[in-house]
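Here is the structure we will look at.
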Amino acid sequence: MDNQFKLSLLSGALIVALAGCNSDGTNGLDGADGAQGIPGADGPAGENGKVGSLTRLATVPLGAEVTGIFLTEEGDLFFNLQHPSSANVETDHNGIPYNRGTVGVLSGVNINQLPMDLVSAPVPASAKEQETVMTAYGQYQVLGQNGDTYDGVLANGLGVVMSLDGDTAVVDTDMPDFNAFLPDGDNKGYLFTNWEYIPGGMSRLSLTRQADGQWRVEDAMMIDFAAVQGTAANCFGTLTPWGTPLSSEEWIVDSNVEGTTDPSWNQPGNEGVARMDAMTGAAFPNPYRYGYIIEVTDPKGTPAPAKHYAMGRYEHENAVVMPDQRTVYLSQDDTGGVMFKFVADAAGDLTSGTLYAAKLTQDAGSTEPQTTGFDVEWVEMGSANNDEVEAWIAEFDGIDTSDFVEGQSSYLTLADVQAWADGDATYPTVADGGNPVTAGKAMDDRVVFLESRQAANLKGATAEFRKLEGININAKRAEEAVDGADMIAGEDVTQAYIYFAIADLDKTMIDGEGDIALSSRVKDCGGVYRMPLMAGYDVNRIEPVIMGSTYRDSLTGAERCDVNQLSQPDNVVVMDDGRLLIGEDGFQVNNTLWLYRPINK
């Protein structure tokens, strides 16, 4: 890749990041000199009025967000630096500058054995501190940066997404996201990493731990997604109970609740479509082939991606599978988003099942984010298998710019989804606002799986979340609490939780309308919620855990997020002892990887 191309891609990444997994604004002033914000409590009331504690485990360089938090059984903590500033010149203890997307691990420390009382890393002040990774414990080891070839092993470079025929480099992205480490014997394993862009990709690094505790990359590859016609905007993810990585296609989808469902791919000037064209080599991509959860099967052999169309199409942040290997909770990262649940027909098989959407009821008379919870009901949307949905998708193949008609959609419309929600026997005609593919045909459930948010919204589910980010559990705690298995040594776990982050408590969450009507106190700083697990891995309640804290800057009058509290939390990991690892995608000069110790685990 020449430098001009890389700089062009970097600029594009910084722009599109505003609408994707990344923050909606530019870096604000460092809040260290502002007034101390309100500390976060654990749950609506906490225990005896106490609050949980936040430890600044690490800070990341200028321009970067914390992505890809993954904690192994052995206490190895992997995390990435997504889109750090290309202007960073300071180097770390190994002489490495952080001006490219970086995949790494915290070496020299077992995170699972950290004591409860911890010392925080400082808020970066010097240029050296601000442009490198600062850690409270251990040292950050770089495993790879975008463009690395590993002495020719990876000929085109880490994070470089090729056309499906392998002949053309389409993008070189500095946006590593989700990590999953899959052990393969003692001190060995495979690290899978998402590369978030349009088109997107995933890498696999074969790692061996050395005697000094450092990791060595033995082999590297970019996974071939040709079998599923490529992938796009691969955001966060999780590892299934049976050991396969789940990747999430996010900001490739446009499912605006109040607008049309027309993805507008057949309109001129769409840069993302041009790059997808370059990747597929096709005359025009079918938008309904993108926007899904992808399972990477045979991860230790020849990785084989499979898109799970039956889990719905929307801006996926990630999906987490419960220990029953059937129940899956999924988050949608956008304005006006929905929380979904998928229940597979068979354990360990995500190819068929039933999709549900959450309907929230806010606590009566309460609007303060730190203390306001929600009751949850699940609206059944529909059941399908991957083959059935793929057949519906295929009906939209072959559409290109020659099919564009002003004022008319080539794809499913709001009228189509409304007809489904109303229980109509047939799809509307084009004259009545329908689309040419389904016009006048017998009604089916394709809108549930191709336009999932629209379908959920019109069926009465809550489509008001704002930047609903990473959703996660600790599988051992969950299994012990729900099934009574003895999974956590030395602790009797009777209650476990699903945790999720909200990067912004803004817009549809504070507009005073609908099911979610919170105050604007927290706003862009965001927070973390939890859902108590019930029998059968069901949930019926959402509770606040910890919120960011805003204050008014005395000089500019602008609202800022307290540097010593959360600022736009993104991915969340639950440790065996109940503590949380929280990665920021925020407004601070340097984003933070936090360790949160709740009062009530």
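Every number in this text was worked out from the coordinates using simple rules, so none of it is lab data. As the structure is a computational prediction, the values presented were derived from the model and not from experiment. Because the Cβ atoms are built from the backbone with ideal geometry, glycine has one as well, and the counts that use them run over all protein chains shown.
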Listed residue pairs exceeding 23 Å between alpha carbons, taken from K300/K467; K188/K300; K359/K467; K359/K507; K341/K476; K307/K523: K300/K467; K307/K523
Which helices pass in the chain if a helix is a full DSSP H run, must span at least 18 angstrom along its long axis by Cα, and must have mean Kyte-Doolittle hydropathy not below 0.0? 3-16
Just to be sure I understand the model, the point goes 7 Å from the Cα along the line to the Cβ. What's the resulting A485 to A87 distance in nm? 5.1 nm
Would you work out which of V60, N286, L81 lies farthest towards the positive end of the dipole of the chain, given +1 charges on the beta-carbon of Lys and Arg and -1 on that of Asp and Glu, about the Cα centre? V60
Starting from the Cα of T361, step 7 Å toward the Cβ, then list every residue of the stretch 509-536 with an amide N under 13 Å from that point. none
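So if I place +1 on the C-beta of Lys and Arg and -1 on the C-beta of Asp and Glu, and nothing else carries charge, what would the dipole magnitude of the stretch 3-597 be about its Cα centre? I want it in debye, nearest 20. Let's see the in-between values first.
Numbers: 34 positive and 88 negative charges, 187 e Å.
Here the size comes out at about 900 debye.
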Extension reserve of the E218-T426 stretch, reckoned as 0.36 nm per residue once the Cα distance is removed: 69.2 nm
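Counting pairs of alpha carbon atoms under 8 Å apart in space and at least six apart in sequence, what relative contact order in percent does the chain give?
Numbers: 1651 pairs, mean separation 97.2, N = 601.
In percent, rounded to a whole number, it is 16.
Does the chain classify as rounded, prolate or oblate by the C-alpha gyration tensor (a ≥ b ≥ c root eigenvalues; a/c under 1.5 gives rounded; else a/b over b/c gives prolate, otherwise oblate)?
On the way: a/c = 1.43, a/b = 1.18, b/c = 1.21.
Because its axes are fairly even, with a/c under 1.5, the chain counts as rounded.
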Would you mind getting me the FRET efficiency between A517 and K128? Use the beta-carbon distance for r and R0 = 45 Å, nearest 0.05. 0.50
Students often forget the sequence filter, so: which aspartates and glutamates lie under 14 Å Cα-Cα from K441 once same-chain residues fewer than 8 apart are removed? E395, D416, D424, D432
With each label point set 7 Å from Cα along the Cα-Cβ vector, what nm distance links F404 and T494? 6.3 nm
Dipole check, the stretch 245-400, charges on Cβ (K,R +1; D,E -1), about Cα centroid: among L246, A391, T372 the Cα furthest to the positive pole belongs to L246
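Can you tell me how much longer the chain between E395 and A439 gets when fully stretched, taken as 0.36 nm per residue apart minus their C-alpha distance, in nm with one decimal? Mind showing how you got there, number by number?
Working: separation 44, 0.36 × 44 = 15.84 nm, distance 1.24 nm.
Answer, rounded to one decimal: 14.6 nm.
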With +1 assigned to the C-beta of every Lys and Arg and -1 to the C-beta of every Asp and Glu, and no other charges, what is the dipole magnitude of the stretch 553-601 about the Cα centre in debye, to the nearest 20? 200 debye
Summed residue charge, Cβ within 9 Å of E65's Cβ, Lys/Arg positive, Asp/Glu negative: -3
With the dipole of the chain defined by +1 on each Lys or Arg Cβ and -1 on each Asp or Glu Cβ, the option from M547, W195, T426 whose Cα lies farthest towards the positive pole is M547
Report the label-to-label distance for A155 and I599 in nanometres (one decimal), using points 7 Å from each Cα along the Cα→Cβ vector. 6.1 nm
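Given a Förster radius of 41 Å and the C-beta distance between Q418 and D345 as r, what FRET efficiency does 1/(1 + (r/R0)^6) yield to the nearest 0.05?
Details: r = 29 Å, r/R0 = 0.70.
Efficiency, from the Cβ-Cβ distance: 0.90.
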